[in-house]
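Since the structure comes first, as structure tokens, the remarks are kept for the end.
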Amino acid sequence: MEMLNKKQKIIIIIFIIIMCTVIGYYIINKVEKYDYSELELIENVEELANNNVENNIESEKIVIHITGEVEEEGVIELEKGARIADAIEMAGGTTEEADLSKVNLAYSLSDGQKLNIPNVNEKEQEDIVKDEPGNNIIIEGNEEKEVKININKATQTEIETLPGIGPSTALKIINYRNEHGKFKNIEDIKNVSGIGDSKFENIKEYICVE
């Protein structure tokens, strides 16, 4: 192969310089014209997601009104699924005159309820928990239970408020209901494993079917 002459070498060098210049100009031009709207869109999406998370966290709160024998009566905010025991703690605890013997401390509260901690000297037991606008909520130990647990619709938490019914038995009731359909009468609940005549006698006054 013959060696390139001086003129050919110069032409090749000039061509390389021109190509480098064109490529460099193209790259710089692309950077200057880059559409940053996509980055802004990503930032907006992230901000929206963060706001949704914050809103979800706020929605997991409930507000109740606690009165009676607690240190600080009033409206308090609790986590969703909080129990009466949590509400009492948030209200500064009970007074020396409080009577907790008829209060189901494990009862799960809902938004908008009113909770009253009774006094040991009260002759007649008032409703411990009330649902707005005043419907009574069943709670173990209340002398009056104007509203009964509908075993065809009740949640596990609601079923657990029945005397002698724990989480395991409550779950069995729900599973039986899902597998066999609605209970036709309250006596059908005895078909659930773990609920015999004795336990049925303890809960029959507090349950219903609809």
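The values are calculated or read from the model by the stated rules, or taken from the named source; none is laboratory data. It should be emphasised that the depicted structure is a prediction, and the values quoted were computed from it without experimental measurement. So basically every Cβ, Gly included, is an ideal-geometry build from the backbone, and we count neighbours across all protein chains shown.
Observations on the model:
- Within segment 194-210, the set of residues being farther than 14 Å from GLU160 by Cβ, part of a loop (DSSP other than H, G, I, E, B) and at pLDDT below 90 comprises GLY196, GLU210.
- Considering LEU171, LEU162, the condition of being part of a loop (DSSP other than H, G, I, E, B) and not assigned by TED's automatic domain parsing to the domain that holds LYS102 is satisfied by LEU162 alone.
- Selected residue (only one of GLU71, GLU77, GLU89 is over 27 Å from the mean Cα position of the chain (by Cα) and among the charged types (D, E, K, R)): GLU71
- ASP127 at pLDDT below 75 and more than 25 Å from the chain's Cα centre (by Cα): yes
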